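Nothing in this text is a laboratory measurement; each read-out follows from the coordinates by a stated rule. Note that the structure is predicted; figures quoted are calculated from it, not measured. Every residue, glycine as well, gets a Cβ built from its backbone with ideal geometry; the counts of neighbours run over all protein chains shown.
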Ligand code: PTJ
């Protein structure tokens with residue numbers, strides 16, 4: 001691994017790339033994972049590599065919807081586990097929900113490799129003291145997070161092939177699903193099943209961004225951190241009548257504003 005000095009202006013971005021490269025060499029990622037990451041980087045650049053005000057509003061909405069849900073679940077793919085697995089675990093511990101590995105390019109080897117990595121990340125999170133102001137026992141909350149995906153026993157109706165496989169305990173029975181870097185078809189199929197789908201996607205023009213109930217146009221690590229912070233800082237906030245199309249056009253406006261600064 002190449003040492004990146006703290007003074008490097010693009011340190012964060014280079015570290016994320018390194019995670020993707022390493023995950024790829026271990027066979028944990030889809031062949032097209034780097035293309036997806038590069039597309040995300042390009043949009044992040046246009047957004048100023050920050051959580052914009054409209055993303056912050058979507059983060060607030062997502063937190064209140066996930067809190068209100070009866071059976072929330074966090075669905076993760078390869079890129080998400082590599083870039084933000086520990087953050088997903090912290091969020092699941094606070095929400096009291098499972099994490100399901102659900103892949104577009106599904107192979108048994110990738111599923112088990114990603115679940116093993118999540119188990120390792122869980123041990124790290126277990127050793128932490130937990131977020132400030134978190135009420136409850138951090139160790140118990142982290143231990144309670146189930147890691148699902150190895151034994152699919154449910155199919156997402158309206159989707160063909162292996163990407164439709166999921167577990168009944170997780171995505172199958174969930175009423176609200178948090179899915180970073182989702183594909184448009186699956187997002188649409190989940191919405192058609194009557195589920196609330198909260199997508200995290202840096203591209204406000206993607207099909208999944210347009211299909212979702214709420215889209216957080218932000219980088220996955222920043223979005224997870226923002227939702228976690230919001231859950232703890234504002235526990236009484238309730239969901240609004242969310243207009244996702246208007247939120248997406250605000251995200252495009254943020255790009256415009258940033259480029260014309
Ligand atoms: O692990 P698998 O098999 O489920 O495959 C995962 C990928 C990501 C390869 C697959 O779902 C895919 O090809 O995705 P797409 O269609 O390229 O879409 C990825 C979307 O996520 C794009 O709109 C990117 O802009 C966005 N994106 C990429 N990196 C990030 C991101 N959004 C938030 N945070 C990121 N770090």
Scattering curve values for the chain, log₁₀ I(q)/I(0), Debye with Cα scatterers, q = 0.07, 0.15 Å⁻¹: -0.22, -1.12
task: Calculate how large, on average over all directions, the projected area of the Cα convex hull of the range 27-111 is; give the answer in nm² to one decimal.
output: 6.5 nm²
message: At a 10 angstrom cut-off on C-beta neighbours, averaged per residue, how do the peptides 104-117, 63-76, 181-194 rank from highest to lowest?
response: 63-76, 181-194, 104-117
query: Say each of residue 237 and residue 31 gets a label point 7 Å from the Cα, pointing the same way as Cα to Cβ; how far apart are those two points in nm?
result: 4.2 nm
task: Return the whole-Å distance between the Cα centroid of the range 21-85 and the Cα centroid of the range 117-140.
output: 20 Å
